[in-house]
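Student: Mind having a look at this structure? Questions to follow.
What follows draws every value from the coordinates through simple rules; no lab data is involved. In this text the structure is predicted, and so the values were computed from the model without any measurement. Every residue, glycine among them, receives a Cβ derived from its backbone with ideal geometry; neighbour counts consider all protein chains shown.
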Amino acid sequence: MSKRPFIVDIKRGSLEDGPGIRSVVFFKGCPLRCIFCHSPETQDPQAEVIFSAEECIRCGSCVDACPEGAIDLDLPERIHRELCTRCGRCASVCPGKGLRRIGSYYPSETLTEILLRDLPFYRHSGGGVTLSGGECTLYPDYLESLLTLLKARGIHVTLETSGYFDYPAFRKKVLPYADLIYYDIKIADPQLHKRYTGRSNRKILTNLRFLLQEKGVKVHPRVPLVPGITATGENLSEIIDLLREAGARDVSLLPYNPLGIEMAVILGRPKPPLPAGFMKPDEEREIVTLFGRLLQERGGRSSTSRRNMGPVRLGARLSGA
Ligand code: SF4
Ligand code: SF4
């Protein structure tokens, strides 16, 4: 795995990725291959080129620039991916956004400098920096260097993780700097987990158990809702049982996000067989009601809350305590 992480995006002013106003860094590279990933451009650790037909003016500059002869103006997906070496020359000559290269490297000092531009917003709102992905924990050495710099300025740090990481390296190099960890739990059944994410969930659940024993960090499990895959009564009740057994005290449901479907297509990958639209409010209500009922059957309490802006976050206490 690459030691120098590529970064897909730095989102400033987020109100959805932890407390207060935050800057969110999306790292490229993930050990999972969830078919329902809402940002498939973050899965591959290497830089990639995406093609958007709506943005292309058919000037032909990319054809001339490509040293591999991989570009064909008559091909709907434009790039013969089997020939492409991802050199990015086509994207660099494109006059618009027909072709774009995804993934840039920033030394940790440079990234810190960028993130500190919003320091006043963090201070006034109780916000900070969130490291997301992809899977940011793929890069423990880089994170140690970045987080040392951020913590020296007193920045609150949130991590968003799939939980699939090497625990000793994470514990040594990342955990000491994390204030809050959003920990995604997708599917309880190991076989189904492997089928839909490419990996068993054993490591994820073991790491969660370890993490919930650690002092000085808040760990908040989240379940992304995907109709017919994660958002089923069977899966949700099994997840509640797993989380209670692991010692989790609360959990959130994340609304279904179909935006990865279009991105998969412009990355030149097969279109994932998923619902094309967001869940309707009554569908969300139905699943929240079901989740609340499952919790109550297990002695927990449920409550829902809506943030000021952004997607709905549906919180539920896992225990009556
Ligand atoms: S990234 Fe390089 S090899 Fe791939 S299509 Fe563009 S110019 Fe050609
Ligand atoms: S360089 Fe950009 S705008 Fe021109 S043909 Fe290629 S993708 Fe289209």
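Student: So how do CYS84, CYS62 line up by other beta-carbon neighbours within 10 Å, fewest first?
Tutor: Working: CYS84 17, CYS62 25.
The fewest-first ordering by Cβ neighbours comes to CYS84, CYS62.
Student: On to the next question. By the gyration tensor of its Cα atoms, with a ≥ b ≥ c the square roots of the eigenvalues, what is the shape of region 67-196: rounded for a/c under 1.5, prolate for a/b over b/c, or oblate? Show your work: numbers first, answer last.
Tutor: Values: a/c = 2.45, a/b = 1.46, b/c = 1.67.
It comes out oblate by the Cα gyration axes.
Student: Assign one of three labels to region 74-116, namely rounded, prolate or oblate, based on the Cα gyration tensor with a ≥ b ≥ c the square roots of its eigenvalues; rounded applies when a/c is under 1.5, prolate when it is not and a/b is larger than b/c, and oblate otherwise.
Tutor: Values: a/c = 3.72, a/b = 2.41, b/c = 1.55.
It comes out prolate by the Cα gyration axes.
Student: Related question: Looking at region 206-277, I'd like the Rg to Rh ratio, where Rg is from alpha-carbon atoms and Rh is Kirkwood's inverse mean 1/r.
Tutor: Details: Rg = 15.7 Å, Rh = 14.3 Å.
With Rh from the inverse mean 1/r over Cα pairs, Rg/Rh is 1.09.
Student: Based on DSSP, what percent of beta bridges with both residues in the chain are antiparallel, to the nearest 5?
Tutor: Numbers: 18 of 39 bridges.
Bridges in the chain that DSSP calls antiparallel: roughly 45 percent.
Student: Now a separate question. Starting from the Cα coordinates of region 137-224, work out the convex hull volume and express it per residue in Å³.
Tutor: Details: hull volume 7.7 nm³, N = 88.
Output value, Cα hull per residue: 87 Å³.
Student: Follow-up question, since we're still on this one. Going by C-beta contacts inside 10 Å, put LEU15, LEU159 in order with the fewest on the left. Could the numbers behind the result be given before it?
Tutor: Values: LEU15 15, LEU159 28.
Exposure proxy ranking, most exposed first: LEU15, LEU159.
Student: Relative contact order for the chain using alpha-carbon pairs under 8 Å, separation at least 6, rounded to a whole percent?
Tutor: On the way: 611 pairs, mean separation 57.0, N = 321.
This gives 18 percent for the chain.
Student: Also: Computed on alpha carbon atoms, what radius of gyration and Dmax characterise region 48-102, expressed in Å?
Tutor: 9.5, 25
Student: Hey, if you drop one equal point scatterer on each alpha-carbon of the chain and run the Debye formula without solvent, what base-10 log of I(q)/I(0) do you get at q = 0.08 Å⁻¹?
Tutor: At q = 0.08 Å⁻¹ the computed log10 ratios are -0.40.
Student: Sticking with this one: Please report the relative contact order for region 48-102, taking Cα pairs under 8 Å with a sequence separation of at least 6, and give it as a percent rounded to a whole number. Display every interim value, and only then the final one.
Tutor: On the way: 84 pairs, mean separation 27.6, N = 55.
Relative CO of region 48-102 lands at 50 percent.
Student: With 10 angstrom as the radius, rank HIS193, HIS80 by how many other C-beta atoms surround their C-beta, starting from the fewest. Walk me through the numbers before you get to the answer.
Tutor: Values: HIS193 23, HIS80 15.
So the ranking, lowest neighbour count to highest, is HIS80, HIS193.
Student: If you check each cysteine of the chain for another cysteine whose beta-carbon is under 4.7 Å away, which ones come up empty?
Tutor: CYS30, CYS56, CYS59, CYS66, CYS84, CYS87, CYS94, CYS136
Student: Near the amide H of ARG222, under 5 Å away, which other amide H atoms are found, from residues 5 or more places off or on another chain, if H is placed in the peptide plane?
Tutor: TYR183, ASP184, ILE185, SER252
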